[in-house]
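Peer 1: What follows is a single structure, and I will ask about it in a moment.
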Amino acid sequence: MTAAIITASASIVVAVLAFLLSQHSRIRQERRQARLARVNGQLRDLYGPLNTLVDTNGQIWEALRATTFPARDERNPESGTSEWLRWRDQVLMPTNRRIRYLIIEHADLIIETETPKPLLDFCAHVLSVEVAITEEAEGVNRRALIAHPGDDFISYVHDSFIRHQQQRLLGSIT
């Protein structure tokens, strides 16, 4: 009789352990899938579009600098050519507005716990250019109050995109 009790007890213990291990494994897999879904959402909804838009604006900016844009020391608000204004108003600013929209609308997808300075600086720059454009319509020509954050912004977007691509490829192991 004692052997039967020990066997039954051992069977119950093994069954309980198997159940607990299975549950633990399922929970780990669900967490991993949730992390991977977040990384995919970050790429799809924020860092992927940001990366593409930043690269597009960068390519246009470099082409303008090489062809029609005056040298840095020759630039001033009064000397804006109609060609430059057309590129700014019809290409660069709409893209900048879209970038700003992505940052604001998908702030919950930002990697860091607080919005990084390059993203804040970019949003502030876009708003200050908006004011400068409004002032131009009123006959006041002056530079935007806040300059484009430049390489800090571009590096942040590119580095974040690459980091997320790597996490996706690795299946978000951590």
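The values are calculated or read from the model by the stated rules, or taken from the named source; none is laboratory data. Remember, predicted model here, so these are calculated numbers, not experimental data. Cβ coordinates were reconstructed from backbone atoms using ideal geometry, including for glycine residues, and neighbour counts include every protein chain displayed. Heavy atoms of the whole protein, side chains included, go into the accessibility calculation; ligands, DNA and RNA do not. Shrake-Rupley method; radii C 1.70, N 1.55, O 1.52, S 1.80 Å.
Peer 1: Among the residues of segment 1-54, what is the count of those that are within 30 Å of Arg163 (Cβ to Cβ) and not charged (D, E, K, R)?
Peer 2: Just the residues of segment 1-54 that are within 30 Å of Arg163 (Cβ to Cβ), to begin with: 24-54.
Within this subset, residues satisfying the condition of being not charged (D, E, K, R) are 24-25, 27, 29, 33-34, 36-37, 39-43, 46-54.
So the answer is 22.
Peer 1: Out of the residues in segment 105-123 that are among the hydrophobic types (A, V, I, L, M, F, W, C), crowded, with 17+ Cβ neighbours inside 10 Å and free of Cβ contacts under 8 Å to residues at least 60 places away in the same chain, state the one that is farthest from Asp55 (Cα to Cα). Talk me through it step by step, then tell me what you get.
Peer 2: To start, the set of residues in segment 105-123 that are among the hydrophobic types (A, V, I, L, M, F, W, C) comprises 107, 109-111, 119-120, 122-123.
From what's left, crowded, with 17+ Cβ neighbours inside 10 Å: 109, 119, 122-123.
Next cut, free of Cβ contacts under 8 Å to residues at least 60 places away in the same chain only: 119, 122-123.
On the way: Leu119: 15, Phe122: 15, Cys123: 17 Å.
The qualifying residue farthest from Asp55 (Cα to Cα) is Cys123.
Peer 1: Something else about it: Would you check which residues across segment 36-66 are out of contact with any Lys or Arg (no Cβ under 9 Å at 6 or more places or on another chain) and of a type in the set (Ser, Thr, Tyr) and list them?
Peer 2: Within segment 36-66, Thr52, Thr56 meet the criteria.
Peer 1: Also: Residues Ser9, Ser25: which one is open to solvent by 50 Å² or more (accessible area, probe 1.4 Å), modelled with pLDDT under 85, hydroxyl-bearing (Ser, Thr, Tyr) and farther than 30 Å from Arg143 by Cβ? Can you show your working first?
Peer 2: Working: Ser25 fails: modelled with pLDDT under 85.
Matching residue, one of Ser9, Ser25: Ser9.
Peer 1: Within segment 57-98, which residues are open to solvent by less than 60 Å² (accessible area, probe 1.4 Å) and modelled with pLDDT of 85 or more?
Peer 2: Our first condition is that a residue be open to solvent by less than 60 Å² (accessible area, probe 1.4 Å); within segment 57-98, this holds for 57-58, 60, 63-64, 68-71, 75, 77, 79-80, 84-85, 88, 91-96.
Scanning segment 57-98 gives Asn57, Gly58, Ile60, Ala63, Leu64, Arg88, Val91, Leu92, Met93, Pro94, Thr95, Asn96.
Peer 1: Sticking with this structure for a sec: Quick one: what pairs do we get from segment 7-32, first residue touching a residue at least 24 places away in the same chain (Cβ under 8 Å), second open to solvent by 90 Å² or more (accessible area, probe 1.4 Å), C-beta under 8 Å, 6+ apart or different chains?
Peer 2: Within 8 Å, the pairs are Arg32/Ile173.
Peer 1: Is it the case, given these coordinates, that Phe122 is in a loop (DSSP other than H, G, I, E, B) and either closer than 20 Å to Ser155 by Cα or at pLDDT below 90 (or both)?
Peer 2: Values: in a loop (DSSP other than H, G, I, E, B): no; either closer than 20 Å to Ser155 by Cα or at pLDDT below 90 (or both): yes.
Here the answer is no, as Phe122 does not meet what is asked.
Peer 1: In addition: I'm told Ile99 meets every condition in (1) in a helix (DSSP H, G or I); (2) in contact with a Ser or Thr (Cβ under 8 Å, 6 or more places away or on another chain) except one. Can you identify the failing condition by its number?
Peer 2: (2)
Peer 1: Of everything in segment 158-169 that's open to solvent by 70 Å² or more (accessible area, probe 1.4 Å) and at pLDDT 70 or above, which residue is nearest to Ile103 (Cα to Cα)?
Peer 2: First pass over segment 158-169, keeping only residues open to solvent by 70 Å² or more (accessible area, probe 1.4 Å): 159, 162-163, 166, 168-169.
Applying the additional criterion that residues be at pLDDT 70 or above yields 159, 162-163, 166.
Working: Asp159: 16, Ile162: 17, Arg163: 18, Gln166: 21 Å.
So, considering only residues that are open to solvent by 70 Å² or more (accessible area, probe 1.4 Å) and at pLDDT 70 or above, the one nearest to Ile103 (Cα to Cα) is Asp159.
Peer 1: Across segment 36-53, what is the total count of residues that are among the hydroxyl-bearing types (Ser, Thr, Tyr) and open to solvent by less than 10 Å² (accessible area, probe 1.4 Å)? If you could, list the steps in order and put the result at the bottom.
Peer 2: To start, the set of residues in segment 36-53 that are among the hydroxyl-bearing types (Ser, Thr, Tyr) comprises 47, 52.
Restricting the remaining residues to those that are open to solvent by less than 10 Å² (accessible area, probe 1.4 Å) gives 47.
Count: 1.
Peer 1: Further question: List pairs: first residue in segment 34-46 and in contact (Cβ under 8 Å) with a residue 60 or more places away in the chain, second residue of a type in the set (D, E, K, R) and open to solvent by 60 Å² or more (accessible area, probe 1.4 Å) anywhere in the structure, Cβ distance under 7 angstrom, at least six positions apart or on different chains.
Peer 2: Between residues of segment 34-46 that are in contact (Cβ under 8 Å) with a residue 60 or more places away in the chain and residues that are of a type in the set (D, E, K, R) and open to solvent by 60 Å² or more (accessible area, probe 1.4 Å), the close pairs are Val39/Arg168; Asn40/Arg168; Leu43/Arg168.
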